[in-house]
Amino acid sequence: MEFSKNEHLNDVLESHKMGHVQDLVDKYNKKRDSVKESLDKKYSDKKASSPINSGSFAKHTAINKKFDIDLCIPFKYGAFKTLEEMADDVYNYFKDEYNDPDLVRSYNSPRKQRVSVGLTFNIDGSEIKMDVVPGRELSEGDYDKTKKINLHVRAKNTSPATSTQTSIQEHIDLIKGKNPERQIIRLLKVWKHYNSKEIKSFFIELITVRAFDDNTGSIPSGLWDKLKLVMEYIRDNVQNIRLTDPANSNNIVSDTLTAIEKKNLSEDMKRMLERIDEDETTLKIYYPVNDAFHKKSGSSTGASRLKTNSFS
Amino acid sequence: MKERLLLINNFLSSQEELILIEQFVVLDKFFFGKIQLDAQPKTTLEFDVYIPISFPYSDGALSIIFKCTNIEGYRHINADRSICLRAPKHSDFESRLKLEIEALKEWRDRFYIREEKDERYEYLIIDNIGSPFNFLFTNVKEGFAKDEYGVFKAMTLPFLNENGGLIHENIFITQIGKRNCEWSMNPVMKPNTQGFYFFIDKEPVKKGRISIESWADLNSFISQKNLKILNDYVRHCISTKRDELTNIIIGYNIPGSSEIHWQALVVNASKIPITGKKVVSNYYEYYFSDGRIPWCKTANASYERFFGRGAICETIANKKILIIGLGAIGSTLARIMARSGVKALGLCDNDIVEHGNICRADFGLSQIGLPKSLAVMQNLLTISPFVECWHEANLDKILFEPWKNKSRDRLNKYDLVFDCTSDNELAEYIDKLEIQRPVVNISISNNAREMVCIAGMKNTCETKFQIFQKLNDVQEELFYEGTGCWNPTFRARYFDINSLLNLAIMNFNKQIEEGRKLSSFIIKTETSNGLKLITYDL
């Protein structure tokens with residue numbers, strides 16, 4: 001059967017849908033709700049709003065191979081003296097008070113991350129990761145109006161601790177209703193996952209949306225052509241582009257990648273496009289289907305993979 | 001011959017500042033004569049000059065030997081009093097002669113008249129010619145106190161002749177007092193001999209850069225307390241008739257550096273010329289009497305020096321690496337890693353060495369029948385004293401469920417995993433483990449036309465399948481060994497496999513050196529227009 005790039009990419013998206021892992025998703029949701037409830041109780045007089053969902057779940061850009069669940073808890077302006085105190089308080093809560101036998105307690109759980117507290121749960125043998133992001137409204141009563149918060153950014157390597165302003169709602173709104181962009185974001189996340197690339201998903205989202213915006217009026221219709229357009233856009237622009245957080249123009253997201261990481265990313269795109277151009281089936285290497293949920297191949301092809309021992 | 005003699009005599013007589021005091025004659029394999037070289041305001045220098053008859057070409061490493069007969073102790077004078085010169089080469093007789101004389105004059109000006117000191121430390125010149133012992137040591141973390149005394153431990157690697165006589169012995173010092181040398185803790189480095197160490201506060205210099213040569217000269221360097229200890233030892237050996245071969249090392253700080261150097265000697269206890277003389281009642285003074293110290297060769301073989309001429313990049317060298325599969329690819333990969341300075345290697349293969357493996361894997365005849373991991377370990381330990389390696393027993397067995405967590409933990413202990421098994425089942429299983437460390441899968445196509453290196457992918461097995469589907473357009477016959485139910489194997493020659501493997505390692509090294517992550521590529525052999533190896537990055 002002739003290989004069709006569009007068909008293959010559709011299979012990739014379909015086989016990576018969250019719906020295939022509904023049981024796991026249910027476990028996630030249940031755990032997320034119980035964490036939300038505990039936070040609500042603990043910080044009943046300090047919160048500016050109940051914890052809100054964020055991350056790829058909330059944005060519908062998750063793939064079933066790897067997904068974290070993110071929660072954001074907005075605090076009142078006067079709840080803590082400093083942002084650091086706020087961040088430490090939430091960390092200490094999970095470390096010392098939070099009582100849940102499912103929470104893995106080890107050297108790296110709960111752990112202090114750049115802007116969040118990282119939690120790992122073990123639910124009936126499945127490992128679930130959750131990030132809790134504490135944020136503080138900009139001024140007394142501001143959250144209800146602007147939905148904006150300030151985050152504490154912990155020191156890393158040589159960069160000192162700092163703070164940043166953001167809005168979870170605006171991040172969600174950024175790709176709300178942008179179905180074609182979301183498809184490409186999910187495909188790039190598939191590539192990122194299988195090829196062990198360490199690019200922030202937020203960066204992928206921003207550059208994809210920008211690629212679409214810059215080509216308004218000339219967006220092709222096929223899935224492959226759209227993916228190609230974005231890959232070409234990244235190849236040509238990633239090294240010079242300035243991408244900022246839509247919720248805070250002072251937060252330059254493009255600076256989270258070093259010059260060499262940007263160059264590597266550009267070269268990754270260039271190489272991929274060249275190889276796919278030489279032989280379109282190479283697309284399968286970069287954007288594989290999730291075999292476990294692929295209707296056409298199913299588990300029966302697993303055996304044929306193992307039979308190719310002409311090189312063993 | 002006569003012509004050349006005439007040329008030498010005429011040339012040297014005509015040189016400024018130089019007097020030919022004894023005409024050149026043919027002596028054995030040399031033209032031999034004597035010259036004087038003016039060195040005002042200092043004493044005129046006198047040299048015995050040996051010009052090899054092969055001149056202007058060197059005789060082996062030898063060019064002209066200028067042996068200084070009236071001074072010693074200056075820089076760059078060897079133990080046999082010859083001057084260490086580095087004159088440029090020239091194929092014309094007279095031109096080269098001129099260059100050598102110029103080099104001699106330069107040495108005179110810098111190191112005799114002006115007594116310049118080199119920027120780099122020059123080790124003491126020690127007369128150790130003829131000693132079969134060679135001591136190797138590394139830097140240690142803590143320093144030593146003046147007059148410190150103790151026991152050192154060492155591991156010996158002797159080289160014997162066919163009658164069992166000692167031709168040469170390398171002695172690796174493993175521990176000095178409580179300080180460990182940097183060598184790895186591998187079993188080969190297990191100490192099997194020991195000796196005394198004495199730490200003195202300054203270089204044991206006789207004159208200039210020449211080390212003391214006689215026992216008596218050592219008296220002023222070693223404390224009475226330590227001399228007494230040595231004397232008691234010698235008396236004990238003599239009274240119990242155990243005339244042991246005794247190793248002694250003497251250490252000192254290199255001036256202007258934090259480095260320590262050790263000089264060593266090996267001697268029968270009874271041959272140590274030490275005695276005690278009663279000075280007043282109950283008080284003895286101990287001293288060495290005259291006699292030549294049997295110095296041995298010693299060298300600081302710390303990691304930076306051992307691998308100074310060429311090592312893999314530091315990031316890879318410091319990684320804990322696991323190699324699964326020690327066949328044609330894995331066994332050689334392991335050797336290259338050890339020779340390039342990698343410090344920790346886990347080896348995994350439960351197969352044994354067959355005679356048929358030797359033509360393309362890194363094994364020797366005596367290893368037929370040995371487990372491959374053991375054989376590779378044996379090989380590596382003869383190469384690098386800095387590599388620690390161990391056999392990951394039964395890893396392939398625990399790699400399968402229901403011990404998933406156990407095998408994941410075992411793989412996560414490593415920083416980098418090479419899968420050289422070409423076993424797709426294993427590749428698929430490792431994919432499923434989703435370990436946090438980069439996994440590099442290396443495999444080759446039949447006849448080693450291509451090498452496929454898949455790095456850092458979460459779906460290695462599938463990727464490999466897709467790639468080999470594209471490569472395998474030519475179906476080729478596999479190799480079946482004789483009769484019986486052998487598994488067939490691919491055909492490929494040692495040199496074909498290794499030309500690809502070396503290029504693959506160069507490529508990985510480059511990726512890391514450039515600050516990139518390990519990534520996949522294919523190397524193809526192209527023969528259509530001259531022989532070429534081409535790398536395609538994926």
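FYI, it's all coordinate maths here, none of it is from the lab. On a predicted model such as this, the values are computed, not experimentally measured, just so you know. Cβ sites come from the backbone with ideal geometry, for glycine too, and all protein chains shown count toward neighbours.
With 31 Å as the limit, write out which pairs from B:K29/B:K271; B:K153/B:K319; A:K41/A:K189; A:K66/A:K145 have Cα-Cα distances beyond it, or answer none.
Numbers: B:K29/B:K271 38 Å; B:K153/B:K319 29 Å; A:K41/A:K189 35 Å; A:K66/A:K145 34 Å.
Beyond 31 Å: B:K29/B:K271; A:K41/A:K189; A:K66/A:K145.
Decide, for segment B:2-113, between rounded, prolate and oblate: order the square roots of the alpha carbon gyration tensor eigenvalues as a ≥ b ≥ c, take rounded if a/c falls under 1.5, and otherwise choose prolate if a/b is larger than b/c, else oblate.
Prolate is the answer for segment B:2-113, as a/c is 1.5 or above and a/b outweighs b/c.
Scan around A:S163 for amide H atoms under 5 Å from its own, H built in the peptide plane at 1.01 Å from N, and keep only partners 5 or more places away or cross-chain.
It is A:V153, by chain and number.
Find how much the distance from B:N405 to B:T535 grows on full extension, using 0.36 nm per residue of separation minus their present alpha carbon separation; answer in nm with one decimal.
43.1 nm
Compare the Cα positions of A:N53, A:I234, A:I69 along the charge dipole of chain A (+1 at Cβ of Lys, Arg; -1 at Cβ of Asp, Glu; about the Cα centre) and return the one farthest towards the positive end.
Projecting each Cα onto the dipole axis, the largest value belongs to A:I69.
Say the dipole of chain B comes from +1 at the beta carbon of Lys and Arg and -1 at that of Asp and Glu; which of B:Q367, B:C296, B:G177 then lies farthest toward its positive end?
B:G177
Measure nothing but the geometry: give the 0 to 90° angle between the long axis through the Cα atoms of B:372-381 and the longest principal axis through the Cα atoms of chain B, rounded to 10°.
20
Could you let me know the centre-to-centre spacing of segment A:153-224 and segment B:233-249, using Cα atoms, in angstrom?
Cα centroid to Cα centroid, the span is 78 Å.
What is the helix-to-structure angle for B:224-239, meaning the angle in degrees between its Cα long axis and the longest Cα principal axis of chain B, kept from 0 to 90 and rounded to the nearest 10?
80
Let me check I've understood the local charge: for B:L500, count other residues with C-beta under 10 angstrom from its C-beta, Lys and Arg +1, Asp and Glu -1. What total comes out?
So the surrounding residues net to 0.
Count neighbours as other Cβ atoms within 10 Å of each site's Cβ, and list the GluC sites (Glu not before Pro) in segment A:71-148 that are DSSP loop with at most 13 such neighbours. Numbers along the way, then the final one.
Numbers: sites: A:E84, A:E85, A:E97, A:E127, A:E137, A:E140; in loops: A:E140.
Hits after loop and neighbour filter: A:E140.
Between B:D59 and A:D102, how many nm apart are label points set 7 Å from Cα along the C-beta direction?
My value for the distance between the label points is 8.8 nm.
Return the aspartates and glutamates within reach of B:K207: Cα separation strictly under 18 angstrom, same-chain partners fewer than 8 residues apart disregarded; answer none if there are no such residues.
The qualifying aspartates and glutamates are B:E72, B:D80, B:E115, B:E116, B:D118, B:E122, B:D127, B:D217, B:D290.
Evaluate peptide B:456-462: per residue, the Cβ atoms of other protein chains within 10 Å of its Cβ; return the mean as an integer.
6
One quarter of the convex hull surface, Cα atoms only: what value does that give for segment B:133-305 in nm²?
12.1
Given a Förster radius of 45 Å and the C-beta distance between A:T82 and A:N122 as r, what FRET efficiency does 1/(1 + (r/R0)^6) yield to the nearest 0.05?
Values: r = 34 Å, r/R0 = 0.74.
That pair, A:T82 with A:N122, gives E of 0.85.
Say a paramagnetic label sat at a point 7 Å from the Cα of B:T44, along Cα to Cβ; which residues of segment B:65-90 have their backbone N under 20 Å from it?
B:66-72
Taking only DSSP H segments of four or more residues, each worth -39500 (n - 2.57), what value at 222 nm results for the protein assembly as shown once the sum is divided by all its residues, to the nearest 500 deg cm²/dmol?
Taken over the protein assembly as shown, the calculation gives -9500 deg cm²/dmol.
What is the calculated FRET efficiency for B:D232 to B:K29, with r their C-beta to C-beta distance and R₀ = 56 Å, to the nearest 0.05?
0.65
Report the GluC sites (Glu not before Pro) located in segment A:179-227 that are in a DSSP loop and have at most 15 other Cβ atoms inside 10 Å of their Cβ, or state none.
Values: sites: A:E181, A:E198, A:E205; in loops: A:E198.
Filter output for segment A:179-227: A:E198.
With N set to the number of residues, divide the alpha-carbon radius of gyration of the protein assembly as shown by 2.2 N^0.38 Å and report two decimals.
Values: Rg = 36.7 Å, N = 850, 2.2 N^0.38 = 28.5 Å.
So the Cα radius of gyration is 1.29 times the expected 2.2 N^0.38 Å.
Modelled label-to-label distance, A:Q22 and A:T244, 7 Å Cα→beta-carbon offset: nm?
4.4
Compute the length gained on full extension between B:R114 and B:N509: take 0.36 nm times their separation in residues and subtract their Cα-Cα distance, giving the result in nm to one decimal.
Residue separation times 0.36 nm, minus the Cα-Cα distance, leaves 137.5 nm.
For segment A:18-174, what does the alpha-carbon gyration tensor say about shape, rounded, prolate or oblate, given a ≥ b ≥ c as the root eigenvalues, a/c under 1.5 as rounded, and a/b over b/c as prolate? Walk me through the intermediate numbers first.
On the way: a/c = 1.58, a/b = 1.35, b/c = 1.17.
Prolate is the answer for segment A:18-174, as a/c is 1.5 or above and a/b outweighs b/c.
Any idea what angle helix B:93-107 forms with the longest principal axis of chain B, computed on alpha-carbon atoms, 0 to 90 degrees, nearest 10?
Tilt of helix B:93-107: around 80 degrees.
If you average the C-alpha positions of segment A:55-93 and of segment B:295-348 separately, how far apart do those two centres end up, in angstrom?
45
So, in nm, how far is label A:T281 from label A:D45 when the simple model puts each one 7 Å beyond its Cα toward the Cβ?
Each label point is offset 7 Å from its Cα along the Cβ direction, giving 6.9 nm.
Can you compute the charge dipole magnitude of segment B:232-297 about its Cα centre, using +1 on each Lys and Arg Cβ and -1 on each Asp and Glu Cβ, nothing else charged? Give it in debye, rounded to the nearest 20. Before the final figure, lay out each step's value.
Working: 8 positive and 6 negative charges, 49 e Å.
The calculated dipole for segment B:232-297 is roughly 240 debye.
Hey, which of these cross-link pairs are over 27 Å Cα-Cα: A:K27/A:K65; A:K197/A:K270; A:K5/B:K470; A:K27/A:K226; A:K81/A:K148?
In this structure, A:K27/A:K226 exceed 27 Å between Cα atoms.
Quote the FRET efficiency, to the nearest 0.05, computed for B:D80 versus B:N180 with a Förster distance R0 of 25 Å and r equal to the Cβ-Cβ distance.
0.10
With the cut-off at 32 Å, tell me which of the pairs B:K117/B:K190; B:K320/B:K464; A:K59/B:K524; A:K295/B:K517 have Cα atoms farther apart than that.
B:K117/B:K190; A:K59/B:K524; A:K295/B:K517, as the Cα separations exceed 32 Å there.
For the protein assembly as shown, give the magnitude of the charge dipole about the Cα centre (Cβ charges: +1 Lys/Arg, -1 Asp/Glu; no others), in debye to the nearest 20.
1320
Relative to the Cα centre, what is the charge dipole magnitude of segment B:2-113, using +1 at the beta carbon of each Lys and Arg, -1 at the beta carbon of each Asp and Glu, and rounding to the nearest 20 debye?
I would put it at about 220 debye.
Hey, if you put +1 on the Cβ of every Lys and Arg and -1 on every Asp and Glu Cβ in segment B:2-113, which of B:I35, B:N9, B:N78 ends up farthest toward the positive end of that dipole?
B:N78
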